[in-house]
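First comes the structure, then the notes that go with it.
The values are calculated or read from the model by the stated rules, or taken from the named source; none is laboratory data. Quick caveat, the model's predicted, so the values are computed rather than measured. No Cβ is skipped: glycine too gets one built from the backbone with ideal geometry, and neighbour counts run over all protein chains shown. Protein only, heavy atoms only, side chains kept; ligands, DNA and RNA dropped before computing areas. Shrake-Rupley method; radii C 1.70, N 1.55, O 1.52, S 1.80 Å.
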Amino acid sequence: MALTFPVDPMRAQLGTLPVDDERWAFEVKWDGYRTLAFVDDGHVRLQSSRMHDVTATYPELADLASGVHATTAILDGELVVLDAEGRPRFELIQRHTRPAVLNVFDVLRIDEHDTIGLPYEDRRRLLEQLVEPGTNWTVPRHRVGGGAELLEATGEQGLEGVMAKRLGSLYVPGKRTTDWRKVKHRRRVDVAIGGFTAGDGNRAHLFGALLVGRWDGDVLRFAGGVGTGFDQRRLESLTKRLRSLTVEECPFEPPPPTAYRRRATWVEPILTATVEITEFTNDGYVRQASFVDLVEGTDGDR
């Protein structure tokens with residue numbers, strides 16, 4: 001049965017670099033919105049990873065069909081918006097105040113033929129023949145082997161990481177597979193705990209997320225929430241400790257956005273936590289933060 005709009009895309013597992021490096025291809029991991037493009041007789045239709053039609057949101061991709069050497073095609077890629085240094089930034093694609101670029105990394109269909117049953121390397125070869133780069137779309141390069149070198153290079157350039165894709169692997173719509181691995185750069189930072197939100201479900205009697213900040217002199221600047229990385233024992237012990245430190249006044253200056261304040265309980269900001277993040281956003285918020293541990297002996301220390 002031929003693929004038609006919408007298509008549930010194949011997804012990657014979060015992991016580490018494979019040890020059998022020579023059996024994998026490596027691509028830069030782009031920090032944007034996963035997007036499928038359906039080209040049909042000069043027209044373009046765009047689909048989000050959640051299978052919604054987002055064509056009207058990105059009019060800059062309307063001419064994509066002019067760069068595709070086929071009457072019909074289904075392309076898989078990542079929509080990004082670049083900063084002044086030419087690096088993709090997730091908060092920029094969220095705002096979308098400048099044109100987006102579609103980084104095309106796979107092809108699912110060409111004219112009357114689905115290509116998902118072909119090995120990865122054959123799909124890549126067809127893709128490079130199929131798509132002519134344009135102002136708002138391109139086919140980024142890939143390499144076979146050398147994953148560690150590419151990962152190091154992306155770290156030096158401030159990029160998110162790499163994608164590792166097993167040679168010979170097929171494209172399986174709707175499946176999260178170990179044939180694709182996303183390998184992200186993460187770093188550890190220390191943040192002050194200034195509050196917490198109420199938990200839901202089986203965490204209803206515990207906190208939901210820590211509200212954290214970074215000190216700017218004597219001023220605590222809000223830096224977002226941290227809701228993952230806790231085991232049950234840590235949740236219970238930290239909930240008890242936080243409740244003993246509650247205060248009426250918000251310790252952040254300025255106060256966090258309403259979405260954070262709505263269910264917040266403030267605490268005296270004397271506890272410091274180490275968290276793993278991918279980056280700080282342009283607004284100074286932690287991104288994809290996960291709790292590691294409390295920094296012992298730092299109560300009251302800035």
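Key figures
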read-out	value
Number of the condition not met by Thr55 [criteria: (1) open to solvent by 30 Å² or more (accessible area, probe 1.4 Å); (2) touching a helix residue (DSSP H, G or I) at 6+ places or on another chain (Cβ under 6 Å)]	(2)
Matching entry among Arg262, Arg221 (being closer than 16 Å to Phe196 by Cα and surrounded by 13 or more Cβ atoms within 10 Å (Cβ to Cβ))	Arg221
Condition broken by Gly86, with the remaining ones in (1) surrounded by fewer than 20 Cβ atoms within 10 Å (Cβ to Cβ); (2) at pLDDT 95 or above satisfied	(2)
Check on Asp41, without any contact (Cβ under 8 Å) to a residue 60 or more places away in the chain and on the phi > 0 side of the Ramachandran plot	yes
Failed item in (1) more than 22 Å from Leu206 (Cα to Cα); (2) modelled with pLDDT of 95 or more, with Pro251 passing the rest	(1)
Whichever residue in the range 256-279 is assigned to a strand (DSSP E or B) and among the polar types (S, T, N, Q) and, among such residues, is farthest from Thr246 (Cα to Cα)	Thr274
Selected residue (criterion: most open to solvent (accessible area, probe 1.4 Å)) from residues of the range 89-133 that are among the acidic types (Asp, Glu) and touching a residue at least 40 places away in the same chain (Cβ under 8 Å)	Glu112
Hits in the range 13-28 - residues which are modelled with pLDDT of 95 or more and part of a strand (DSSP E or B)	Trp24, Ala25, Phe26, Glu27, Val28
